[in-house]
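What follows is a set of notes on a single structure, which appears directly below.
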């Protein structure tokens with residue numbers, strides 16, 4: 001699965017772009033996160049690898065800005081393994097190991113940013129690929 005951040009600008013909000021692309025391409029998208037209002041917004045989706053290029057081009061052709069992947073980055077030199085980020089993660093990206101150190105499974109990250117705000121050492125940031 002390819003994670004794609006779709007950015008919709010205000011002029012696009014009167015069109016059913018997402019449902020149109022889904023119907024035209026016959027692809028099921030997994031919506032991981034969405035923040036959309038009448039002036040625009042963002043939607044983080046997962047697209048099956050085999051359809052990703054075709055679906056991304058369809059969104060681009062309709063004026064949607066595409067960011068291929070956004071995920072967390074952890075500076076392990078700054079992380080003190082306090083666990084502040086652990087309980088906030090909605091998709092269990094962050095786990096505690098047997099030695100009480102924090103482990104991040106970045107492949108599962110939905111880029112919600114909750115852990116970024118929770119980290120007292122500012123060791124976690126969101127990055128775009």
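Worth a mention:
- Strands (runs of 3 or more DSSP E) lying entirely in segment 57-123 (those with 1 or more residues that are closer than 18 Å to residue 35 by Cβ and in contact with a strand residue (DSSP E or B) (Cβ under 8 Å, 6 or more places away or on another chain)): 65-67, 70-74
- Checked against the criterion of being under 28 Å from residue 19 (Cα atoms) and at pLDDT 90 or above, the candidates 108, 95, 69, 60 yield just one match: 60.
- Cβ pairs under 6 Å, 6+ apart, first in segment 103-129 and more than 10 Å from residue 72 (Cα to Cα) and assigned by TED's automatic domain parsing to the domain that holds residue 79, second modelled with pLDDT under 90 and part of a helix (DSSP H, G or I): 114/88; 118/88
- Selection count, segment 1-32, where residues are surrounded by fewer than 16 Cβ atoms within 10 Å (Cβ to Cβ), in contact with a strand residue (DSSP E or B) (Cβ under 6 Å, 6 or more places away or on another chain) and in contact (Cβ under 8 Å) with a residue 40 or more places away in the chain: 3
- Those residues of segment 66-88 which are closer than 30 Å to residue 12 by Cβ and in contact with a helix residue (DSSP H, G or I) (Cβ under 9 Å, 6 or more places away or on another chain), in sequence order: 66, 68, 71, 72, 73
- Some residue of segment 47-56 being under 19 Å from residue 126 (Cβ atoms), part of a strand (DSSP E or B) and either outside the structural domain of residue 115 (by TED's automatic domain parsing) or in contact with a helix residue (DSSP H, G or I) (Cβ under 9 Å, 6 or more places away or on another chain) (or both): no
- Criterion: touching a residue at least 40 places away in the same chain (Cβ under 8 Å) and loosely packed, with under 12 Cβ neighbours inside 10 Å - qualifying residue of 49, 99, 92, 75: 49
The values are calculated or read from the model by the stated rules, or taken from the named source; none is laboratory data. In this text the structure is predicted, and so the values were computed from the model without any measurement. Ideal geometry is used to build each Cβ from the backbone, glycine not excepted, and the neighbour counts take in all protein chains shown.
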